[in-house]
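*Asks:* Take a look at this one; I'll ask things after.
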Amino acid sequence: MALLPVKEALERLLEGAVPGEGESVPLAEAAGRILAEDVRALRTQPPFDAAAMDGYAVRGADVETVPVTLKVIGQAPAGKRFDGSIGIGEAVRIFTGAPVPEGADTIVIQENARKLGPDSVEVFETVAIGRHIRRMGLDFVTGDLLLKKGRELDPGALSLVASANHPRLNVIKQPLIAIIATGDELLPPGSELGPDQIVASNAFGVAAIAASVGARVLDLGVVPDSRPAIAARIRQALEKDADVVVTLGGASVGDHDLTNEVLVGEGMKLDFWKIAMRPGKPLMFGRRGRTRFLGLPGNPVASLVCSHLFLKPLLSRLGGRPYEPDLCQAVLDRTMAANDQRQDYVRAVLRQEPEGLIATPFEVQDSSMLRTFAEANALIIREPFAPAASAGSPCTVLRLR
C-alpha cells in the first residue's frame, strides 16, 4: 500500500464526521460544552428600571439646583421595592438592584448626599436626569437570541443563560474515545518492571489531547499481543458505544503487530494504512458503521504527533467544535538538512524575539524521546522533498502550547 500524503489522510479521516445528537444537561454541568441549538431569553433583564448605585431615588427636577434638602419617605433595598410614589421634594433611600420607585427618574449616589436626620437628606452635587438607572430590558428582553448553536459555553455564556432563567441547556453529546494499548512488553506506571518490559505511557498523553477538545475518555488499559485478547478489548469498546476506538501500537508490519488483522476480523473496513509523514508512518484508519478506528504508532512521540494532527480535529468535528491548527511563520536559527518523500514534524522550541518568532529544532528527533516532546512547544513542518534550509530561513510551525 503506497504512502498516503498527510493532507489526503486528514481529508479521508474527517469525511462524513458530523456532530453528535443533542442532550439536555443541568446548567452546572454545561461548562465547556457546545450548544446544540440557539438559546433565547426566557425573561427580560433588568425586569424593571433598577438602581445602578446605592443612594437616593429622586425627581431630577428637584436636584437641578444644589444644595437642596429632600424629605426621605422610605427605602428600597434590593429585592423589595418601595410601594409608594415620590412627590415634589421627596426621596427614597435606594440600594443597587432595587426597582426605581414610581415618580423618580434619577439616582443621587450616596457620596453626593448627606443624611441630616432620620427623614431628611441634603444633596450637594447636581446630577443629570436619568443618571444611575438601568432601564428595563437594557441587557435583553424575552425572546431575544442570546447564543447561537455551536457556541462553546464559556464563563460569560453560562452567566448569560443563567440570568435568562435557563436551568438546563441542550448541548452536543461529547464523543467517546476508547483507548487500547497493545504489547506484551507494556505495564502500567508504578509496576515492578521485568528486564524486558517498559512503562505504557502513550495513553495518558493521547487521553489528555482528547480531553482538551471535550471528548470523554475510556481507557481500556494494556492488552497483550494476542488475537483473542485484542479482539475481546475491541468488543468491549464497541459495547460501550465508542465513537472512536484508538489502538496504541500493533499497527506496523512485525510478526507481533496484530491490530490491523484483528480489527478487520471484527468487521472494520480499512480506509488507509501508512502515511507519508515522520514520525507517524504506520498510522491506520478504518470504520465499522458509525465507529471510527484510529491505529496510532507505538512510538510515544509518533502517537502524540498523530493525535495532534488527526485525532484532535476528528474529535473536534464529532463534538461540534470549530478547529483550526495553530499555524504560524517563524525563522530557523539552526540549519536543517534536505527532506525525503515524507512530511516531517520536527520538535522545536518557539520563542518570541524583537525581530520576530524564532524556531530552534532539537538536534536529535528519535520518536522514542518523550523528554524533547515535553520540552517542545512547537513542531516545524517540513514538506516532502524540502531542500536544505540554513539558519535565517523561514519555516511553518504548528504550535503545541
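The values are calculated or read from the model by the stated rules, or taken from the named source; none is laboratory data. What you see is a predicted model, and the numbers here were worked out from it, not measured in a lab. Reconstructed Cβ throughout: ideal geometry from the backbone, glycine too, with neighbour counts over all protein chains shown.
*Asks:* Residues that are touching a Phe, Trp or Tyr at 6+ places or on another chain (Cβ under 8 Å), at least 3 per element: which strands (runs of 3 or more DSSP E) completely within region 1-92 meet that?
*Replies:* 68-76
*Asks:* When only residues in region 361-401 that are surrounded by fewer than 16 Cβ atoms within 10 Å (Cβ to Cβ) and charged (D, E, K, R) count, which is nearest to Val331 (Cα to Cα)?
*Replies:* So, considering only residues that are surrounded by fewer than 16 Cβ atoms within 10 Å (Cβ to Cβ) and charged (D, E, K, R), the one nearest to Val331 (Cα to Cα) is Arg399.
*Asks:* Same structure, new question: For Ala208, only one of the following conditions fails: (1) over 25 Å from Leu176 (Cβ atoms); (2) free of Cβ contacts under 8 Å to residues at least 40 places away in the same chain; (3) not acidic (Asp, Glu). What is its number?
*Replies:* Evaluating Ala208 over (1) over 25 Å from Leu176 (Cβ atoms); (2) free of Cβ contacts under 8 Å to residues at least 40 places away in the same chain; (3) not acidic (Asp, Glu) leaves (1) as the failure.
*Asks:* I would also like to ask the following. Taking region 277-294, which residues are farther than 19 Å from Gln343 by Cα, small (Gly, Ala, Ser) and under 27 Å from the mean Cα position of the chain (by Cα)?
*Replies:* Selection gives Gly286 alone.
*Asks:* Restricting the first residue to region 287-311 and requiring it to be more than 20 Å from Glu266 (Cβ to Cβ) and assigned to a helix (DSSP H, G or I), which pairs with a second residue that is of a type in the set (Val, Ile, Thr) and at pLDDT 95 or above meet a Cβ separation below 6 Å and a spacing of at least six or different chains?
*Replies:* Ser307/Val206; Ser307/Ile209
*Asks:* Being surrounded by 15 or more Cβ atoms within 10 Å (Cβ to Cβ) and part of a strand (DSSP E or B) is the filter here; which residues of region 103-118 pass it?
*Replies:* Hits for region 103-118 are Thr106, Ile107, Val108, Ile109, Ala113.
*Asks:* Does at least one position in region 204-211 carry a residue that is at pLDDT below 95 and surrounded by 15 or more Cβ atoms within 10 Å (Cβ to Cβ)?
*Replies:* No.
*Asks:* Which residue is farthest from the chain's Cα centre (by Cα), if the candidates are limited to region 119-153 and must be outside any loop (DSSP other than H, G, I, E, B) and farther than 18 Å from Val92 by Cβ?
*Replies:* Phe140
*Asks:* Something else: Quick check: anything in region 16-25 more than 30 Å from Arg321 (Cβ to Cβ) and either touching an Asp or Glu at 6+ places or on another chain (Cβ under 8 Å) or aliphatic (A, V, I, L, M) (or both)?
*Replies:* Looking for residues that are more than 30 Å from Arg321 (Cβ to Cβ) and either touching an Asp or Glu at 6+ places or on another chain (Cβ under 8 Å) or aliphatic (A, V, I, L, M) (or both), one finds none in region 16-25, hence no.
Yes/no per residue for (1) surrounded by 21 or more Cβ atoms within 10 Å (Cβ to Cβ); (2) in the same structural domain as Ala378 (by TED's automatic domain parsing); (3) over 30 Å from Pro325 (Cα atoms):
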position: Asp225; (1), (2), (3): no, no, yes
position: Gln236; (1), (2), (3): no, no, yes
position: Val244; (1), (2), (3): yes, no, no
position: Gly249; (1), (2), (3): yes, no, no
position: Leu263; (1), (2), (3): yes, no, no
position: Gly267; (1), (2), (3): no, no, yes
position: Lys274; (1), (2), (3): no, no, no
position: Lys281; (1), (2), (3): no, no, no
position: Pro297; (1), (2), (3): yes, no, no
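*Asks:* What single numbered condition from (1) over 30 Å from Ile275 (Cα atoms); (2) touching a residue at least 12 places away in the same chain (Cβ under 8 Å) fails to hold for Arg114?
*Replies:* Going through the list (1) over 30 Å from Ile275 (Cα atoms); (2) touching a residue at least 12 places away in the same chain (Cβ under 8 Å), Arg114 breaks only (2).
*Asks:* Quick check, is Thr126 at pLDDT 95 or above and surrounded by fewer than 16 Cβ atoms within 10 Å (Cβ to Cβ)?
*Replies:* Here the answer is no, as Thr126 does not meet what is asked.
Listed here are the residues, each with its yes/no results for (1) in a loop (DSSP other than H, G, I, E, B); (2) farther than 27 Å from Gly298 by Cβ; (3) in contact with a strand residue (DSSP E or B) (Cβ under 8 Å, 6 or more places away or on another chain); (4) in the same structural domain as Arg278 (by TED's automatic domain parsing).
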site: Asp344; (1), (2), (3), (4): no, no, yes, no
site: Arg347; (1), (2), (3), (4): no, no, yes, no
site: Leu350; (1), (2), (3), (4): no, yes, yes, no
site: Ile358; (1), (2), (3), (4): no, yes, yes, no
site: Ala374; (1), (2), (3), (4): no, no, no, no
site: Ile381; (1), (2), (3), (4): no, no, yes, no
site: Pro387; (1), (2), (3), (4): yes, yes, no, no
